[in-house]
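Contents: one structure, followed by commentary.
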Amino acid sequence: MWPFHDADRRRRFEREALPHLDACYRFALALTRDAAEADDLVQETMLRAFRAFDSYTEGTRCKAWLFRILKNVFLNRRRTDGREVDLEESLGAIQELGWEDRPFYRSPEDAVLLAATRDRIEEALGRMPRDFREAVVLADVEGLSYQEIAEVMGTPIGTVMSRIHRGRRMLRSLLGESLGILQETLQERPHEAPNRGPGQVIPLVATREGRHDL
Amino acid sequence: MTCEEAIRYEDLYLDGEMAPEERLRMEAHLAACPSCRIQVTEWIRFRTLVRQRLGEVRAPSSLRESVVHRLRTHRAPGWRGTLALAASLVLVLPLGWVLWPRPDDLKPLEDHAVAAHLAVSGPEVQGDRATVVSFLQGRVPFPVRIPLPDQPGVRLLGARIARVGTRPAVVYLYDASGHPLSVTQYAPDGEDLPRSARIGQRDGLTVVTYPAEGLVQTVVGDLPESTVTGIVPASWRP
Ligand SMILES: [Zn+2]
């Protein structure tokens, strides 16, 4: 291969992939919760992506493609150093959190909006099992489609939907808790009474349909 | 749509994952049902909040610099990895060696050739011999001679017009079993008329200069010297 292949490739890579460096770093942080490890992960991801850039087809979303590589690098590293957290452990963590029983306060929402700083949100995310944190970050922060998230996470779309659904409610609950503006006992939402006043609590789990099963 | 359905679909709605007709039904329900509307609106605000707060996180500038630097110094896989393969490659150069009494005269010219090799950003003309010849014809003040004959493992990629010092030159670009190989060709200028082959190393690159059909040619590549030595007729080998 002559250097000009590399030079062309590099220019294309710098134009198409490099703009997603911040997003990659955010995703790496969401996975690792550690700045140094995220840094490392992103470096390896970008080099790998550059080497594999010929396999990237234009038209697919470069960000989602990079995230898939990043996730693979992350999992390979975890497997190598024996720190892989599997789904069972994640589920165990949910039980520990007991999040299913937690209500979240639905108002005054403005208080949440004002007080929910980046640190607070990150702290709340950090208390969530990785799979749920990952799904929420990919959907809510990075705006990936369910299909793209399924490819990054290596799970069926139904699982993605379930993780987003539960993850969002977990995050909102943990955030409300850390802001100290929770709480009442969880009540099933009365569907026959649509006009709820502010200050009421709505259920965390809107549905237990099969499609949202893990 | 019932409230129950609306709640079941609120994530899909939020994420823009509903089919258009479902979305319309959802929106019709939200328009008619304040309770669901409030709930969905809160989720939208919550999602926006999370996106805004976390979306402002940027990669540290040291990380960006490091990535850019590593990309720029990165060499394509295989260049170094295929050295063993390349060692088995024997380049066949055309005959026509003449003695070069003062090889030191060539050094500055070789420097130009090495610089040209490293600076190549792409060929001006890409393609086979016929394409390259027809492109170069009339553009250089000496006869167009494709420097290397066809041989297995060596492929002409293209050429570009360059200068060696003040002299017009052509840089031919080859792929030699995965290794970039250039041949810089120019007309001799009397004082440095090559009379013997010259093989040496420069910046980790093997450099061979030899005359052919009245032109001076400098081959530059990251092939091992022993491989390139194979191209020199036995009587001229150092
Ligand atoms: Zn409703």
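The values are calculated or read from the model by the stated rules, or taken from the named source; none is laboratory data. Everything quoted here is computed from the prediction, not taken from an experiment. Note: ideal-geometry Cβ built from the backbone for every residue, glycine included; neighbour counts use all protein chains shown. In case anyone asks, the SASA skips ligands and DNA or RNA and just uses the protein heavy atoms, side chains included. Shrake-Rupley method; radii C 1.70, N 1.55, O 1.52, S 1.80 Å.
Show me, for the stretch B:158-164, the HN-Hα J-couplings you get by feeding each phi into the Karplus relation (A = 6.51, B = -1.76, C = 1.60, θ = phi - 60°), rounded to Hz, glycine and proline as x.
x, 8, 9, 7, 9, 9, 10
What is the dipole size for the stretch A:3-80, taken about its Cα centre, with +1 at each Lys and Arg Cβ and -1 at each Asp and Glu Cβ, in debye to the nearest 20?
The calculated dipole for the stretch A:3-80 is roughly 280 debye.
When a/c reaches 1.5 or more, the comparison of a/b and b/c decides; with that in mind, is the stretch B:108-236 rounded, prolate or oblate per its Cα gyration tensor?
Rounded.
Among B:Y210, B:T131, B:L148, pick out the residue whose Cα is farthest towards the positive end of the charge dipole of the stretch B:108-236, where Lys and Arg carry +1 and Asp and Glu carry -1 on C-beta, about the Cα centre.
It is B:T131.
To the nearest 0.05, what FRET efficiency results for A:A115 and B:E124 with a Förster distance of 56 Å applied to their C-beta separation?
Efficiency, from the Cβ-Cβ distance: 0.35.
Determine the total buried accessible area between chain A and chain B, counting protein heavy atoms only with a 1.4 Å probe; round to the nearest 100 Å².
Working: alone 11830 and 13780 Å², together 19850 Å².
Interface between A and B: roughly 5800 Å².
From the Cα gyration tensor of the stretch A:3-80, with a ≥ b ≥ c the square roots of its eigenvalues, which class applies: rounded if a/c is under 1.5, or else prolate if a/b is larger than b/c, or else oblate?
prolate
Note down the net charge around B:R64, summing +1 for each Lys or Arg and -1 for each Asp or Glu among other residues with Cβ under 9 Å from its Cβ. Show your work: numbers first, answer last.
Working: positive: B:R58; negative: A:D22, B:E65.
Charge balance near B:R64 sits at -1.
Tell me the net charge near A:I149. Cut-off is 10 Å between Cβ atoms, A:I149 excluded, with +1 for each Lys or Arg and -1 for each Asp or Glu.
It works out to a net charge of -4.
On average, how many beta carbons from a partner chain sit within 10 Å of the beta carbon of a residue in B:2-14?
Partner Cβ neighbours, averaged per residue: 4.
Label points 7 Å out from Cα along the Cβ direction at A:R48 and B:Q52: separation in nm?
According to this spin-label approximation, the distance is 3.5 nm.
Can you send over the solvent-accessible area of A:Y146, 1.4 Å probe, protein chains only, in Å² to the nearest 10?
Here the residue's solvent-accessible area equals roughly 10 Å².
In what order, largest first, do B:D203, B:D189, B:D15 sit by accessible area if the probe radius is 1.4 Å?
On the way: B:D203 125, B:D189 90, B:D15 25 Å².
In descending accessible area the options line up as B:D203, B:D189, B:D15.
Using alpha carbon centroids, what distance separates the stretch B:54-69 and the stretch A:108-181, in Å?
23 Å
Would you tally the net charge around A:L41, using a Cβ to Cβ cut-off of less than 12 Å, leaving A:L41 out, and scoring K and R as +1, D and E as -1? Don't skip to the answer; put the middle values down first.
Numbers: positive: A:R26, A:R33, A:R48, A:K71, A:R77, A:R78; negative: A:D34, A:E37, A:D39, A:D40, A:E44.
Value of the local net charge: +1.
Is the shape of the stretch B:1-51 rounded, prolate or oblate, going by the alpha carbon gyration tensor and its root eigenvalues a ≥ b ≥ c, with a/c under 1.5 for rounded and a/b larger than b/c for prolate?
In terms of gyration-tensor shape, oblate.
For the stretch B:139-173 and the stretch A:11-69, what is the separation of their C-alpha centers, rounded to whole Å?
The distance from the Cα centre of the stretch B:139-173 to that of the stretch A:11-69 comes to 39 Å.
For B:R163, list long-range residues whose amide hydrogen, built 1.01 Å from N in the peptide plane, is under 5 Å from its own amide hydrogen.
Answer set, sorted by chain and number: B:A169.
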